[in-house]
Amino acid sequence: MAMMSLAPACRDPEVFPDPDHFVADREPNRHLAFAAGPHRCLGSHLARMELAVAMEEWHRRIPDYRVAENGLGRERGSQISLLTLDLEWDTASTAS
Ligand code: HEM
């Protein structure tokens, strides 16, 4: 039996230029975060909606932020998740 990890496919430089950078409006973006084929994620539409709402609310309250110095945590796991991502922002720029 072979288990294939999907995450590295999303970092293939032949498909995704500059693959280690987060580009929110990357086009084209044929990623495999929700897999593909007959077992493609059944909840992807709900997940996208939830993430859009979370991002909208975050940016409404904290529009201006940055990754803290040395804030990018290590990656791990077959989905290449970040262990930590430290952000910082100026409190004067936040909405109440
Ligand atoms: C950002 C959030 C999510 C990500 C990245 C994600 C990712 C994935 C991936 C990669 C698979 C394929 C797994 C495999 O091939 O073995 C999968 C399958 C699945 N996901 Fe998600 N998922 C997310 C959210 C959700 C949500 C919110 C639901 C349900 C409400 C859901 C339900 C399912 C189900 C039922 C399958 C199995 C489909 C099948 O085997 O036919 N997922 N998901």
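A few notes on this one:
- Residue check, Ala52 in a loop (DSSP other than H, G, I, E, B), within 16 Å of the ligand (Cβ to nearest atom) and among the small types (Gly, Ala, Ser): no
- Checked against (1) among the small types (Gly, Ala, Ser); (2) more than 9 Å from the ligand (Cβ to nearest atom); (3) surrounded by 10 or more Cβ atoms within 10 Å (Cβ to Cβ), Ala2 passes all but condition (3).
- Residue within segment 74-94 that is among the hydrophobic types (A, V, I, L, M, F, W, C), at pLDDT 85 or above and either exposed (fewer than 10 other Cβ atoms within 10 Å of the Cβ) or in a helix (DSSP H, G or I) (or both) present: no
- Top-ranked residue in segment 23-46 [being small (Gly, Ala, Ser) and more than 16 Å from the chain's Cα centre (by Cα); ranked as modelled with the highest pLDDT]: Gly43
- Filter result (closer than 24 Å to Gly73 by Cβ and not in a helix (DSSP H, G or I)) within segment 11-24: Asp12, Pro13, Phe16, Asp18, Pro19, Asp20, His21, Phe22, Val23, Ala24
- One residue from Ala47, Ala35 being assigned to a loop (DSSP other than H, G, I, E, B), surrounded by 11 or more Cβ atoms within 10 Å (Cβ to Cβ) and within 15 Å of the ligand (Cβ to nearest atom): Ala35
- Qualifying position, being more than 15 Å from the ligand (Cβ to nearest atom) and either among the small types (Gly, Ala, Ser) or surrounded by 10 or more Cβ atoms within 10 Å (Cβ to Cβ) (or both), among Pro28, Pro13, Pro19: Pro19
- Condition check for Cys41: in contact with a His (Cβ under 9 Å, 6 or more places away or on another chain) and surrounded by 12 or more Cβ atoms within 10 Å (Cβ to Cβ): no
The values are calculated or read from the model by the stated rules, or taken from the named source; none is laboratory data. None of the values given here were measured: they were computed from a predicted structure. Virtual Cβ from ideal backbone geometry, glycine too; neighbours counted across all protein chains shown.
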